[in-house]
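Trainee: I have a structure here, written as structure tokens, and I will follow up with some questions on it.
What follows draws every value from the coordinates through simple rules; no lab data is involved. Everything quoted here is computed from the prediction, not taken from an experiment. Cβ: placed from backbone, ideal geometry, glycine included. Neighbour counts: every protein chain shown.
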Ligand SMILES: [Mg+2]
């Protein structure tokens, strides 16, 4: 079986445009509009699998549950939309203790409620395979967060940010240091929903993605969807303190570029955004590069790809 991304390309080619699906596939969430004039509904689904995204023998069920919900919330952040509700599907290994399962659920639920996103439905099945947790999320492109209802009515609607809006001359940013998430941050991250909303309220943000596959791969997604190139500045890529604790033979920058599951945001937009870390620039020529002391070289897409 070829890689995951080849399969996704095949799926995308089969999608037919329609009035109710005004935005083609290619973003962190799908977009749906029931009637002309309605706001966009954003919909996404994400699964985590025992042995791939967590280890049920090692990790506390609450942490696994939080990760399942927070990956979906991170996809909402990637489009700067507001999480609204979620549904849940659990494939439960036969014999899993009920108390453990309840703690798993409580982790999912608490992560959602931290962003005003309740679980509104779901399904469970018991089988002889490993635990799989699938959360589907519904978001809205809405008013700014935390406002009173009167202010909400008057507030401007913030449209979802897509991956396809980057233009040559834009700067490239990340919201935090990268690499070494395997030490625990891949389970315990905070989705950048609030940061995304603040960014789009204050600045011109042209394209955005959450860093799940690794910076090298995720900037390539932005470049491809926007039909532009991206040049990263090696000296500017922020390296998380966890990388030093890994104590392996790989260069720290290699971890920051290629490790997955940082769940920071990577976005393009106007220059001078002080609340994020500028790591590169958008250029017209399509491809991705990394620059060392002004010398460009192709950015190898070394991050992991889930195997089907
Ligand atoms: Mg994503």
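Trainee: Label-point separation (nm) for residue 183 and residue 4, each offset 7 Å from Cα along Cα-to-Cβ?
Mentor: If labels sit at residue 183 and residue 4, their model points lie 2.4 nm apart.
Trainee: Can you give me the distance in nm between label points at residue 251 and residue 297, each placed 7 Å from the Cα along the Cα-to-Cβ direction?
Mentor: 0.6
Trainee: How far, in nm, would the chain grow between residue 13 and residue 96 when pulled straight, counting 0.36 nm per residue and subtracting the alpha carbon separation?
Mentor: Contour length minus the Cα-Cα distance gives 25.9 nm.
Trainee: Also, I was wondering about something else. In Å and from the alpha-carbon atoms only, list the Rg and Dmax of the stretch 192-251.
Mentor: Every Cα atom of the stretch 192-251 included, Rg and Dmax give 14.4, 42 Å.
Trainee: Please list, in order, the residues from the stretch 181-198 whose amide nitrogen is less than 17 Å from a point placed 7 Å along the Cα→Cβ vector of residue 60.
Mentor: Answer for this model: 183-190.
Trainee: Could you work out the relative contact order of the chain, using alpha carbon pairs under 8 angstrom and six or more residues apart, expressed as a whole percent?
Mentor: 21
Trainee: What order, most packed first, do the peptides 268-277, 239-248, 94-103 have when packing is the mean number of other Cβ atoms within 10 Å of each residue?
Mentor: With the highest mean Cβ count within 10 Å placed first, the list reads 268-277, 239-248, 94-103.
Trainee: Please work out whether the chain counts as rounded, prolate or oblate from its C-alpha gyration tensor, where a ≥ b ≥ c are the square roots of the eigenvalues and a/c under 1.5 means rounded, while otherwise a/b larger than b/c means prolate and anything else oblate?
Mentor: oblate
Trainee: Let me ask something else. Given C-alpha coordinates of the stretch 44-123, what is the ratio Rg to Rh with the Kirkwood estimate of Rh?
Mentor: With Rg and the Kirkwood Rh in hand, the quotient comes to 0.96.
Trainee: What order do you get for 183-189, 50-56 when each peptide is scored by the mean count of other beta carbon atoms within 10 Å, highest first?
Mentor: Packing proxy ranking, top to bottom: 183-189, 50-56.
Trainee: Under 1.5 on a/c is rounded, so check that first for the stretch 171-298, then, if it is not, pick prolate when a/b is larger than b/c and oblate when it is not; a ≥ b ≥ c are the square roots of the alpha carbon gyration tensor eigenvalues.
Mentor: oblate
Trainee: Then there is this: Using the Kirkwood formula on the Cα atoms of the stretch 1-95, what hydrodynamic radius do you get, in angstrom to one decimal?
Mentor: So the Kirkwood estimate lands at 15.8 Å.
Trainee: At what distance in angstrom do the alpha carbon centres of the stretch 76-106 and the stretch 283-298 lie from each other?
Mentor: Spelled out, the Cα-based centre of one part sits 40 Å from the other.
Trainee: Follow-up question, since we're still on this one. Express in nm, to one decimal, how much length is gained between residue 227 and residue 244 on full extension, taking 0.36 nm for each residue of separation and deducting their alpha carbon distance.
Mentor: This chain segment gains 2.6 nm when fully extended.
Trainee: In addition: At residue 278 and residue 89, where each label point lies 7 Å from the Cα along Cα→Cβ, what is the point-to-point distance in nanometres?
Mentor: Once both label points are built, they end up 4.5 nm from each other.
Trainee: Please report the antiparallel percentage of the DSSP beta bridges confined to the chain, to the nearest 5.
Mentor: Here the share of antiparallel DSSP bridges comes out near 75 percent.
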